[in-house]
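Here's the structure, in structure tokens; my notes come after.
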Amino acid sequence: MSYYETFTRLHHGPAPLLLANCWDVQSAKILEAAGFPAIGFSSHALSTALGYEDGENLPFDLLVRMTQRATGNVRVPFTVDMEGGFSRSIDGILKNVDQVHDVGAAGINLEDTIAGASRTFLTAKEFAKTIEAVANHLSQTNRKLFLNIRTDAFLLDIPTALPETLSRIGIYASAGADGIFVPCITDPTDIRQVVNATTLPVNVMAIPGLPDVPTLQELGVRRISMGPFLFSKVYEQAAAVAKEVYTKKDLSPILA
């Protein structure tokens, strides 16, 4: 069974897929060893770790090289956050999708906002053209990628976040999405309405206020992402240890 097939099946198992988000090869290997059945880059964590601001500021060729290093070192499905596609043209996005696929990714995220000084929310019709183009291109070139399509009404905290999301997910499903990703949604009633509005697996992201995993499973969520929170926790703890070593002039915290 291919990594793509395994990854797709993980979205339809008896429990939600708890997706581990890494930021380099070593973190990917640690997460695989911990037992996670699938791993993916957090764009925020990867960009920060390499000294770039999140929002497509990471050079795309570097994202491809990092993906190749990660997929060459783990034996579980690997998915890549491609943000808005790292291009403003459909042809450019298709070329980028090919590169990520060809270095071993089993899936990608694409989002309906464009990062900048402030995020630009694309119209559903406009973004659906991109989804349809990617899905058709993959089919025509005999490539397989799980298309996890992110919609950002809750992330942008717009007043009509729920109805906007419900409207968009139907359009995106028709365009060829394999899954729907709704970051920053936390209210159980909202989550249930989103889940009930689509036959596609719904992905939520770890964020303060998100219900626990058993509750998310009961609500019908099929995928739960860590986002940048594991990365932040690791470096928060590393900073505390480093400060202790320096202030106490004591190496024992890193040797015990």
Quiz item: Taking the range 16-27, which residues are under 22 Å from VAL213 (Cα atoms) and out of contact with any Gly (no Cβ under 7 Å at 6 or more places or on another chain)?
Solution: PRO16, LEU17, LEU18, ALA20, CYS22
Practice problem: Could you pull out every one of the helices (runs of 4 or more DSSP H) wholly within the range 87-179 that has 1 or more residues that are more than 18 Å from the chain's Cα centre (by Cα) and under 23 Å from ARG69 (Cβ atoms)? | Solution: 90-102
Practice problem: Any residue in the range 121-148 that's over 17 Å from MET82 (Cα atoms) and without any contact (Cβ under 8 Å) to a residue 40 or more places away in the chain: show its pairings with residues that are outside any helix (DSSP H, G or I) and among the small types (Gly, Ala, Ser) at Cβ separation under 9 Å, as long as the two are six or more apart or on different chains. | Solution: SER139/GLY176
Quiz item: THR186 passes all but one of (1) in contact with a Ser or Thr (Cβ under 8 Å, 6 or more places away or on another chain); (2) within 25 Å of ALA124 (Cα to Cα); which number fails?
Solution: (1)
Self-check item: Residue selected from the range 106-129 under the condition touching a helix residue (DSSP H, G or I) at 6+ places or on another chain (Cβ under 6 Å) and closer than 27 Å to PRO159 by Cα, by the criterion surrounded by the most Cβ atoms within 10 Å (Cβ to Cβ)
Solution: ASP112
Quiz prompt | Residues satisfying the stated conditions in the range 11-35, i.e. outside any strand (DSSP E or B) and touching a Leu at 6+ places or on another chain (Cβ under 7 Å) | solution = HIS11, PRO16, TRP23
Quiz item: Is it true that VAL74 is in contact with a helix residue (DSSP H, G or I) (Cβ under 7 Å, 6 or more places away or on another chain), more than 25 Å from VAL134 (Cα to Cα), outside any helix (DSSP H, G or I) and of a type in the set (Val, Ile, Thr)?
Solution: yes
Quiz item: Give me the pairs: first residue in the range 204-217 and touching a residue at least 24 places away in the same chain (Cβ under 8 Å), second residue hydrophobic (A, V, I, L, M, F, W, C) and exposed (fewer than 15 other Cβ atoms within 10 Å of the Cβ), beta-carbon distance under 9 Å, and six or more apart or on different chains, which are they?
Solution: VAL213/ALA15; GLN217/ALA15
Quiz item: Which one is farthest from GLU126 (Cα to Cα) among residues in the range 77-95 that are surrounded by fewer than 20 Cβ atoms within 10 Å (Cβ to Cβ) and touching a Ser or Thr at 6+ places or on another chain (Cβ under 8 Å)?
Solution: LYS95
Exercise. Report whether or not PHE60 is touching a residue at least 40 places away in the same chain (Cβ under 8 Å) and among the aromatic types (Phe, Trp, Tyr).
Key: no
Exercise. Give the residue that is nearest to PRO77 (Cα to Cα), with candidates limited to residues of the range 202-233 that are part of a loop (DSSP other than H, G, I, E, B) and either at pLDDT below 95 or aliphatic (A, V, I, L, M) (or both).
Key: MET226
Practice problem: Return yes or no: is THR71 touching a Gly at 6+ places or on another chain (Cβ under 6 Å) and at pLDDT 95 or above? | Solution: yes
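The values are calculated or read from the model by the stated rules, or taken from the named source; none is laboratory data. None of the values given here were measured: they were computed from a predicted structure. Every residue, glycine as well, gets a Cβ built from its backbone with ideal geometry; the counts of neighbours run over all protein chains shown.
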